[in-house]
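Undergrad: First the structure, then my questions, so here it is.
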Amino acid sequence: MCPEEESNTQTLWDMTKGILGLASEKCTLGPHGKACENGGRATGTLGQCKCKCPKMTAGNNCEIQIAIGRPFGKVISTTRECPLLHVQDTNNNNNNKCSGGWSRSPPGLSWNMTLASIFKTLAIGVEETMIQSAIDEYIMQGVAEHTSVASFNRVSLQLMAFGAPAFLLHATMSAAQDEITHAQLMFGFAEKISDLLIKKNLLQYPNNFPFPNNSVSIGTKADVVRETLVEGVLGETSAAVRLCVRSRTTSNEYLRHLLARVSHDESRHAALAWRTISWAINDEEKETPRQAAEQWLNHMIETRAASTSLMMDGSMKDVDSGMFGLLPTEYVAGLSDMVMNEVVIPWLRQMLHFNFKNDWRNFTKEDLPFPSGLVGECVKQIVTAMRVME
Ligand SMILES: [Fe+2]
Ligand SMILES: [Fe+2]
């Protein structure tokens with residue numbers, strides 16, 4: 001279904017309301033009679049209900065959280081002000097970018113004159129509002145990466161508490177280090193856009209960052225499974241594929257490098273989540289982690305049936321993430337659905353019901369199937385990382 005058709009789709013309930021003359025009533029729910037999720041707000045009148053989705057969410061009902069890194073999940077505080085240092089610039093003026101020490105260029109790719117002039121050329125004719133929304137997007141991505149640092153640090157304590165093998169702990173702690181770099185790269189790119197393309201300083205960091213509370217909850221091993229499925233298996237597999245697609249469909253050479261680097265790291269993080277699940281559900285002593293994974297899988301299969309976002313083929317041949325390397329919202333939602341339907345659900349089903357746990361180097365496409373085309377090539381990065389992790 002194309003996005004235009006999708007946005008005009010009315011539910012039977014919506015149409016009934018219209019026929020009954022209730023169409024001027026304000027919407028309290030989103031499309032399909034479902035509430036708007038993740039802070040989305042219902043707009044329009046009955047018969048034409050839509051959700052106005054906050055940043056970093058997508059889907060008709062804002063049901064998809066666009067995480068670029070690994071979300072922290074529960075126990076989160078937003079009450080502390082931007083934790084990044086307020087620094088003074090070289091003229092001793094207060095620097096309201098609030099980014100002291102948290103912005104950088106990717107290693108091996110300096111922001112030289114040639115790149116700057118290519119970037120400026122690409123931006124000719126691009127409206128300032130579009131540039132501003134790209135800046136906001138990269139700031140939000142930096143915030144998501146910043147949050148991932150805390151997430152992986154909590155996971156490392158959980159893994160130690162449940163006696164995980166050293167290779168999982170090693171990979172988790174090195175993932176936390178990756179996320180620091182990712183946050184710096186995202187903030188750094190937002191600042192590059194701002195410095196180069198906007199004459200006045202419109203770079204705004206949010207006042208409140210998601211930040212861990214003063215205590216960390218270790219929970220049970222089944223809790224670790226549930227959190228890893230949401231934050232790692234789903235969150236990082238989707239993030240890795242999305243970043244890979246963005247890196248290969250942008251017209252911006254600098255971003256192609258930056259996003260490819262981050263997508264390789266995220267592929268390792270996704271592989272780590274899958275290997276963590278495999279370790280946790282194959283505990284001979286305890287059945288509960290396995291049951292937690294089975295319950296989550298069943299829930300995903302049920303909710304998948306209600307999924308309505310854009311259907312795409314894996315080649316992504318019509319996709320252009322443009323000079324800012326950002327995918328249109330409908331593709332973000334469609335890609336998330338594809339990852340859920342063609343990777344997450346079949347892989348988890350295989351892990352729970354077929355035994356390949358001790359042979360990671362030799363599993364085949366029949367063991368863990370993946371889509372064709374560009375999306376498949378991106379998924380292969382995760383498969384490769386899973387094979388070599390030990
Ligand atoms: Fe990341
Ligand atoms: Fe990550």
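Undergrad: Output the pairs from 192/317; 50/120; 317/365; 50/192 with a Cα-Cα distance over 32 Å in this structure; if there are none, say none.
TA: 50/120; 50/192
Undergrad: Could you rank the peptides 161-168, 231-238 by their average count of other C-beta atoms within 10 Å per residue, with the highest value first?
TA: Going from most to least packed, we get 231-238, 161-168.
Undergrad: In terms of modelled amide H atoms, which long-range or inter-chain residues lie less than 5 Å from the amide H of residue 48?
TA: So residue 48 has HN proximity to no qualifying residue.
Undergrad: Within a Cβ distance under 12 Å of residue 288, other residues only, what is the Lys/Arg minus Asp/Glu net charge?
TA: -1
Undergrad: Arranged by the count of other C-beta atoms within 10 angstrom, fewest first, what order do 218, 382 take? Could you put the intermediate results ahead of the total?
TA: Working: 218 14, 382 28.
The fewest-first ordering by Cβ neighbours comes to 218, 382.
Undergrad: Counting other C-beta atoms within 10 Å, which of 296, 274 has the fewest, and how do the rest follow?
TA: So the residues, fewest neighbours to most, are 296, 274.
Undergrad: A follow-up question, please. Taking other Cβ within 10 Å of each residue's Cβ, how do 120, 192 sort, fewest first?
TA: Fewest to most other Cβ atoms nearby, the residues stand as 120, 192.
Undergrad: For region 132-191, what is the convex hull volume of the alpha-carbon atoms per residue, in Å³?
TA: Once divided by residue count, the hull of region 132-191 is 52 Å³.
Every number in this text was worked out from the coordinates using simple rules, so none of it is lab data. If you're wondering where the values come from, they're calculated on a predicted model, not measured in any experiment. Neighbour counts run over all protein chains shown; Cβ positions are idealised from the backbone, glycine included.
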